[in-house]
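Step one of this worksheet: look at the structure below.
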Amino acid sequence: MPEDRVNGDLTAALHAASTGSAEAEEALFGIVYDDLRRMAKLRLARLQPGQTLQATALVHEAWLKIANGDKDWSGRAQFFGVVSRAMRNILVDDARRKASVKHGGGLARMSAESLAQPEREASPLEFLALHEALEDLERQDPRVAKVVMLRYFSGLGTGEIAGLLDLSERTVERDWRFARSWLQQRMTENGPPKLEGQAE
Amino acid sequence: MNPDRYELLKRLFDTASTTPVAEREAVVAELCGGDHALREELRRLLEHDQHPLDIFDAPPEIDPDGAPLDSVEVPGYAIQHRIGEGGFGIVYAALQLHPIRRSVALKLIKHGFASPTTRHRFTIECDALARLDHPSIARVFDAGTTPSGHLFCTMELIDGASICDYANDRQLTATQRIELMIPVCEAMQHAHQRGILHRDLKPSNILVVENAGKPLPKVIDFGIAKIRDDDGGGTAGPTLSGEFVGTPVYMSPEQADPERGGLDTRSDVYSLAVVLYELLTGTAPLQSSAATRPSLETVLRTLREEDPPLASTRLRDLGEAGDLHARRCGTHRDTLLRTLRGDLDRILAMALERDRSRRYESPQQLGADLSRFLRDEAVLARSPTTSYLLRKFARRHRGKLILGATALTLLLLGVVGTTIGLVHALEARRTAKLEEERARLEARISGEIAAFLNEDLLASVSPEGLGIDVSVREALDVAAERVEGRFAEMPAVEIALRTTLGSTYRKLGVIPPSLRHLERARTLAEQNLGPDDPRRLRAFLELGAALYTAGHPQESASILRDVLRRSEQVFGSRSKESIAAAFHLASAYAESPDQRDARALVDRWLPISRSHLGPSHPQTLRFAFGLGQIHLVERDLDSASRVFEQALTQARSALGPTHRLTLMLTNEHAKTLRRSRQFAAAEQLLRNAWAAATQRLGARHPTTLILQSGLLSCIYRDPKRLKETDALLDEMLVAWPRVFRADHPTLLQFWFDTATILERMRQFERARELLHKVVRALEDAPQPLVLHAMRSLEGLAERTGARGEAREWQARYQRAAARLKRQH
């Protein structure tokens, strides 16, 4: 698909999504997901050994591409909402794949210490545990979960999040602080994350 | 955790976490009181707050060396290659290994989407889909989970092109495109009856394969279809990732606007209509122009508020893209426009209603209406007015119309009969003293009958379409007879009928009955209608045109001047009625040696016609034709050539190379070239047109013959091509009478032109023979051509020394001329 076509679809889908329609947003989601994937592939191909690609940098780049320099553009909220979700899915994809490769897909060989092992990069299992805890939080408190999504997957600052969600900066800061602890507690309680094919 | 407790915990956390660490313990104890569980929970959260995991601090990174999804193994299948990828899954061509070996499409759902809810839904969906059994739905075979935890399902592998690509590649006609959509509608009906909506119908999800040489559409990718909920008709619900995706352009308004409620079968109807719209116009209904990025307002408005333009309006406004699309449909834009206008516009508009309660209820209804359209039956999408039903009747019988006069006669009788039926109904009303309603009804009937006869019945047999040399005339004669005396009570109806009959006789080149009907219409109109009544103006316009054709330009002009003046007031100075009046008046003026009046009219009205009817509208092209003629009379060959050339380009692209007007312009242009002695260029022009006509219409088609006669004019002067000329002449003299009736005006003109050529080639005897034919055919119906023929015969006799014969022709000429004059 040529670049401008992708952008055209993306723009149209973004506008459609700004009607607040869940389904239009899903359409947008599909496009954003593909777009991020494609961008990631391009960037990764050019990385030097040892270099890493931050997800939030990718989101930032996608934003520059779509907003065309218009900082006050009204599609912001939809865009970052959807892009956070898409990025989360990409990371979950990666983590699940790595987890299943490293561990043969089995829970049996998963070691408990991997949760505690400090790494520069979060371990796939830890990330998946976070993902599951976040699903719990979404059910419990969607607003706080949104703050987490925007901060963690889109890399937005407190001020930006407050603007997008129409909250005070203090609320955003408090939400994040609480969420972090709540999620961490949840991750401990939930135990090791489920891998596909094993659950249920 | 119950919401109240969660809220409480969060509030306490907010308070406690902002107190200095040293005082926290005391604060927690105070806040939680005797609730030990709460106190324990709060304490743990505060502990985490002081020692957060690294994962919260570092932004997540994308791993450069993860295994691609392609490496996933699916037991029992050998994955061959990737076919496509979307936001939710990847589709592969795969070989099923057991229980049977067959090629399948294997869809692998991406990991991030496989939440337990998704997986549950996925399983249910696949079960439902596997139960669908329709030739136009890709079968679902199997579903499951791979060892690595990926969801997958397998489907019939369709090796086909998207419906739009297929139609365009094969240059399917509009009819074939509609035929292709009917099984798709049936397939969707089948799915809906089993509670399955597609929700993402679009061209790339409707593939076409060929089965025994016939195209068979296959709907694929019910992957995001959702089992229709019983409550609320299937709202999207919480949007867990992976449940649904639609494609904005093909989405129904309710899909783009959750406030309209959930989706139902009518949402698929909408998407089906979008696909059909794209098949027929080459564009989706709400597609924004590719060149501009739409503003937020624009997109919101189009998605939620704006009705899509009628298909024909879209095609009309498309410019070159429209021409291109028409070519892909194997036709020209104007032809395609005519197909779209009316029923198809209505059907699509009904299926694309934003308010779904006004849409077709089901795909079956849409498909049924499309079938009715193909059979020329009345469609649901239109309210049945009399003229509409009559029109349908005419279309259904068009094949027979072309075959012969009998059906046409029956049809005209049918029309007249219908009218009589209406008259009787009217009588009953009259006794009820509903005079006012009677007048209104009468006006409506006359309008509808006129529209029906003009636009449908007679348009299909008018000489502008050429090639239909059925005994239209006989049929007309029979019908005309029936009009006599039947409408004494309804002058408005009689005026409308006679105007139409007169106009048709004129277009067929049969002048006496044309004048008779139109004169009668004039008398009735003068007695019954006010001077500005539109029906009176139409009758007078036709009379003016007929008088001109009959060779009475001055009388024609005096009537048409008045018609034009009144038309500008009644219909407006940009109306097609005024433009038509101006055209005929200009034609009448052009008969006088002084071209200034004609020139002034053309200079004023050609631009109006161009801007209000369009540069390639037949009326505009006729004006251009007239302007070229004026230039020819003024001996301005360069201007004439330029005008003809431009008009010819328009006509070719808009009407096609074999349309009567294109042909006339080709002939005139060639004539102009010949007059400026560019014989080779003229010949080239005609040869190309002739080749196209031979190929598209056949060697014996009237159009082909007329082009051939132009070729004759190009070569007969060249002594080196004498043999060629003779051969061509022989061929044509045999072919023409086989194609045209003995008194067909085109044949008579051909005899006359060929006689002129023969005379120049000094083949006097053959020339005389042809001129005699003209005279014989027109003896009882004098018109300008017969006078020309008599003059030529007189000249021929002079040249061959037959003085007596020459004098005889001179006398006959004077008698005929006097008679022609006496008629008016």
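Values in this text are rule-based calculations from the coordinates and carry no lab data. Predicted model, so just to flag it, every value in this text is computed and none were measured. Don't worry about glycine lacking a Cβ; one is built from the backbone with ideal geometry, like all the others, and counts go over all protein chains shown.
Once the chain from B:T313 to B:I83 is taken as fully extended at 0.36 nm per residue, the excess over their C-alpha distance is 79.1 nm. You can think of it this way: the chain between B:Q814 and B:E23 has 271.7 nm of extra reach, that is 0.36 nm per residue less the Cα-Cα gap.
Full extension of the chain between B:D165 and B:N688 yields a length gain of 185.2 nm, computed as 0.36 nm times the residue separation minus the alpha carbon distance.
Using a simple spin-label model with pseudo-atoms 7 Å out from Cα toward Cβ, B:E40 and A:E173 lie 3.3 nm apart.
Our coupling estimate for segment B:41-54, obtained by passing each phi through the Karplus curve with A = 6.51, B = -1.76, C = 1.60 and θ = phi - 60°, is 4, 4, 4, 5, 4, 5, 4, 4, 4, 7, 10, x, 5, 4 Hz, Gly and Pro reported as x. Sorted ascending by nearby beta carbons within 10 Å, beginning with the fewest, B:L340, B:L820 become B:L820, B:L340.
Shielding of peptide A:175-187 by partners, expressed as the average count of other chain Cβ atoms within 10 Å per residue Cβ, is 6. Couplings 3J(HN,Hα) for segment A:149-164, derived from phi with the Karplus relation 6.51 cos²θ - 1.76 cosθ + 1.60 (θ = phi - 60°), are 4, 5, 6, 7, 9, 9, x, 7, x, 4, x, 4, 4, 4, x, 5 Hz, where x marks Gly and Pro.
Classify segment B:492-604 as rounded, prolate or oblate from the Cα gyration tensor: take a ≥ b ≥ c as the square roots of its eigenvalues, call it rounded if a/c is under 1.5, otherwise prolate when a/b beats b/c and oblate if not. Since a/c reaches 1.5 but b/c is at least a/b, the shape of segment B:492-604 is classed as oblate. Sorted fewest first by neighbouring Cβ atoms within 10 angstrom, B:K671, B:K214, B:K107, B:K821 come out as B:K214, B:K821, B:K671, B:K107. The order of B:R574, A:R85, B:R766, going from fewest to most other C-beta atoms within 10 Å of their C-beta, is B:R574, B:R766, A:R85. The mean number of partner chain beta-carbon atoms within 10 angstrom of a residue's beta-carbon across peptide B:17-23 is 1. Take each residue of peptide B:45-53, count the partner chain Cβ atoms within 10 Å of its Cβ, and average: the result is 5. Residues whose amide H falls under 5 Å from that of B:L216, counting only those 5 or more places apart or on a different chain, are B:V209, B:E210, B:N211, with hydrogens built in the peptide plane. With the simple model of a label 7 Å out from the Cα in the direction of the Cβ, B:A58 to B:E634 spans 8.6 nm. When the C-alpha to C-alpha distance is required to be over 32 Å, the pairs from B:K507/B:K720; B:K773/B:K821; B:K507/B:K723; B:K576/B:K671; A:K41/B:K214; B:K507/B:K821 that qualify are B:K507/B:K720; B:K507/B:K723; A:K41/B:K214. Rounded to whole numbers, the Karplus 3J(HN,Hα) couplings from phi for segment B:665-682 are 5, 4, 4, 5, 5, 4, 4, 4, 4, 5, 5, 8, 6, 9, 5, 5, 5, 4 Hz, using 6.51 cos²θ - 1.76 cosθ + 1.60 with θ = phi - 60°, and x at Gly and Pro. Qualifying trypsin sites (Lys or Arg not before Pro) in segment B:305-383, where qualification requires a DSSP coil assignment and no more than 12 other C-beta atoms within 10 Å, comprise B:R375.
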